[in-house]
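Below: one structure, written as C-alpha cells.
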C-alpha cells in the first residue's frame, strides 16, 4: 500500500510541476480520441503513466525526445485474438506485434484448452507474463465447442472458476454453443452466471444468428460479437446493445463489408480484432495497424479508425487507464512516420521505448517450459487406405462442403462425384477433393471423412493439427497415399503443418507446443513458414488465399453451414450429422 501511495504522490507532484518528470515526448501531434482532434503538445510521463498533455512547454524531465510534430496515437488494442493461431507462444507473439504498435491484446486460449484443458490455460497465462505487451485472457466457454466431436479436454464451470480471480482474466470468451444458451442449458448458464457474479465480461459468437436469437444472447448477458459478415448483421447487434468487433484476420476478412455499418452516431460501439492470423501475415502486415490502414483507405476518417482501435476496445473490456493519451492513462503510445499509411516509427510501453522502425529493442527472455502433456499431445493411429475410403451404395450424388476463400462460412452443395468400385475418387478437374479429420488426443481412432470443393489443389496433400476448435488432425488430399504420408508426418513432428507430394515430404513446420505453437526463434519459424508456403505453391501454383487457415476452420462445427469433425459430416444449420451420400438437391 505504501508503495502505491508513494507512486501516486510522485505522479501528482510531477503533474503540478513540483518535481521533474521521468520522460517527456516533446512537440508531438497528440491524438485526442475523446473529441477526435489533434493537439501539438508535450507528453509528460512519470512511473509509466501520463501525468500531463502540456501545450506550454514548461515541464522539466530527466529524459526527453523530440517527436518533431509527428502524429502520436495511443497503443493499439486487439479486442479478440487466439494467440495460438499465430503459431507462437504469448511471449514471442508480443515481440512480433509490439513493433506494429499493438501494446495490448485480449486473447481466448481455447485452442490450447481444447488440447490440454486448464493446464494449457495456465501455461498461456504464465508465458504471457514474460512479454512487455499486456496480454489479457477471456476464459474458454465451450471446450469442446460441441458434443459432436472429440477434444483433448472438457472444461466445466468449476474448472474455470478458480481462474476468474487471476489479474489477467477479464471474463468468459466467445460463447459459441448457442443452442445451449437458447435452451437454457444449466451447465452453460452456470458459466455465464459465475462470470457475472465476478463482475466480468462475456463475449459472444453469433455466427449466422438471427435477430431473435441475438435477443436471447442479450437476455443472457452476452455483450459482444465478432462473427458479423454483413453490415446489416452489425447494425442489428449494435441496435441490441452489443459491441461489434470488426474482424480482419487471415481466413476471415470482414472489415470492408462491415465498414458501411459504422456511422458518427454508433461508432463508439465498434472496435477491431483479428481473431486468427498467421505468423507470416503478422510479420508483414501487423494486425490492428493493418485494420486501421484498410479503414482509412476505405474512407474512414483516420482519428475515427484510431478511436475504434484504442479507446473503444479499452472501454469494451473495462481496461481503465488504456486506450487514450491523457493524464491518468498508461503511457502506451505510438509515434507514426505517416498518418495515412499508418507507418509505425516508434513504440513506447509504460513510458519505455520498446520498438523502433519495426524492430524490438530488447528481445523477450526465455519462454515458459511445457509439460509432457502439452509437448507430447499428438497420438495418431496408423492410417490405411480403407480408413480413408468414402463408400457409395446407391449412386454418385454427394453432399459436398464448398469453401469460400477468406471466409469461415461454407456452402452445402449436392453434386455428382466419381465413384469407382463403390468408393469416391477425387476429381481434380471438378475440384472435388477428399478431406479427413482424425482424432489425435485419446487414441479413439475416430475418423470423419468428407468431400470438399474450392481449394483447387492439383496434386499431393496437406495436413495440420491446427483444426478448430478441437484440434484433431485434418488432412486434405488428391490421393490416399499422400494423405497417409501427411498424417504420419504430423505424428513424427508432434503436430504442425506439412506439405506432401508423390510420396515425399516437401516441407513442414513443427508445432510441438500442443500441436499448435513453436518455441524456436522467430527468424527460424518465419523461414520454415516461408519454405512451407513455397512447397504449397509448388503443388498449387495459382493459390491466392490462405489455404492452411481455411482448412483449419473446416472442422469447426459452430459456423455455417457444413463442416467436418472426427465423428463425421456435420450440418451446422440443423446441428446434426448427415450422410455424405445424397439423394436430393440442396440449397446453394
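Quick check: is even one residue across segment 210-226 part of a helix (DSSP H, G or I), closer than 19 Å to residue 298 by Cα and in the same structural domain as residue 284 (by TED's automatic domain parsing)?
So the first thing to find is which residues in segment 210-226 are part of a helix (DSSP H, G or I), and the list is 211-219.
Narrowing further to those that are closer than 19 Å to residue 298 by Cα: none.
Scanning segment 210-226, I find no residue that is part of a helix (DSSP H, G or I), closer than 19 Å to residue 298 by Cα and in the same structural domain as residue 284 (by TED's automatic domain parsing), so the answer is no.
Residue 174 - would you say it is surrounded by 22 or more Cβ atoms within 10 Å (Cβ to Cβ) and closer than 16 Å to residue 317 by Cα? Show your work before the answer.
Working: surrounded by 22 or more Cβ atoms within 10 Å (Cβ to Cβ): yes; closer than 16 Å to residue 317 by Cα: yes.
Considered against the rule, which asks whether it is surrounded by 22 or more Cβ atoms within 10 Å (Cβ to Cβ) and closer than 16 Å to residue 317 by Cα, residue 174 comes out as yes.
Note on segment 116-206: enclosed strands (runs of 3 or more DSSP E) holding 1 or more residues that are within 27 Å of residue 364 (Cα to Cα) are 134-139, 169-175.
Only one of the numbered conditions (1) within 17 Å of residue 578 (Cα to Cα); (2) surrounded by 18 or more Cβ atoms within 10 Å (Cβ to Cβ); (3) over 23 Å from the mean Cα position of the chain (by Cα) is not met by residue 414, and that is (2). Residues that are modelled with pLDDT of 95 or more, within 20 Å of residue 80 (Cβ to Cβ) and within 25 Å of the chain's Cα centre (by Cα) number at least 2 in the following helices (runs of 4 or more DSSP H) confined to segment 298-384: 302-307, 313-316. Give segment 313-329 a look and list any residue that's farther than 16 Å from residue 348 by Cα, touching a helix residue (DSSP H, G or I) at 6+ places or on another chain (Cβ under 9 Å) and crowded, with 24+ Cβ neighbours inside 10 Å, or say none. Hits for segment 313-329 are 313, 316. Only a single item in (1) surrounded by 12 or more Cβ atoms within 10 Å (Cβ to Cβ); (2) under 36 Å from the mean Cα position of the chain (by Cα); (3) touching a residue at least 40 places away in the same chain (Cβ under 8 Å) is not met by residue 37, and it is number (1).
Of the strands (runs of 3 or more DSSP E) contained entirely in segment 400-485, those carrying at least 1 residues that are more than 30 Å from residue 206 (Cβ to Cβ) and without any contact (Cβ under 8 Å) to a residue 40 or more places away in the chain fall at 410-416, 418-420, 423-425, 432-438, 461-464. Of all positions in segment 64-85, at least one carries a residue that is in contact with a helix residue (DSSP H, G or I) (Cβ under 9 Å, 6 or more places away or on another chain), assigned to a helix (DSSP H, G or I) and modelled with pLDDT under 95. Here residue 583 fulfils each of the conditions (1) over 18 Å from residue 251 (Cα atoms); (2) touching a strand residue (DSSP E or B) at 6+ places or on another chain (Cβ under 8 Å); (3) assigned by TED's automatic domain parsing to the domain that holds residue 434 apart from (3). Looking across segment 13-26 at every residue that is out of contact with any helix residue (DSSP H, G or I) (no Cβ under 8 Å at 6 or more places or on another chain) and without any contact (Cβ under 8 Å) to a residue 12 or more places away in the chain, the one that is surrounded by the most Cβ atoms within 10 Å (Cβ to Cβ) is identified as 13.
Within segment 378-407, the residues that satisfy the criterion of being in contact with a strand residue (DSSP E or B) (Cβ under 9 Å, 6 or more places away or on another chain) and closer than 30 Å to residue 274 by Cα are 378, 400, 401, 402, 403, 404, 406, 407. Summed over segment 501-538, residues that are assigned to a strand (DSSP E or B) and without any contact (Cβ under 8 Å) to a residue 24 or more places away in the chain total 3. Kindly indicate the residue of segment 229-251 that is surrounded by 24 or more Cβ atoms within 10 Å (Cβ to Cβ) and modelled with pLDDT under 95 and also nearest to the chain's Cα centre (by Cα) among those meeting that condition. Within segment 229-251, the match that is nearest to the chain's Cα centre (by Cα) is 249.
For segment 191-221, the candidate set comprises residues that are without any contact (Cβ under 8 Å) to a residue 12 or more places away in the chain and on the phi < 0 side of the Ramachandran plot; within that set, the residue that is surrounded by the fewest Cβ atoms within 10 Å (Cβ to Cβ) is 212.
The values are calculated or read from the model by the stated rules, or taken from the named source; none is laboratory data. Source: prediction; values computed, not measured. Note that we place each Cβ from the backbone using ideal geometry, even for glycine, and neighbour counts take in every protein chain shown.
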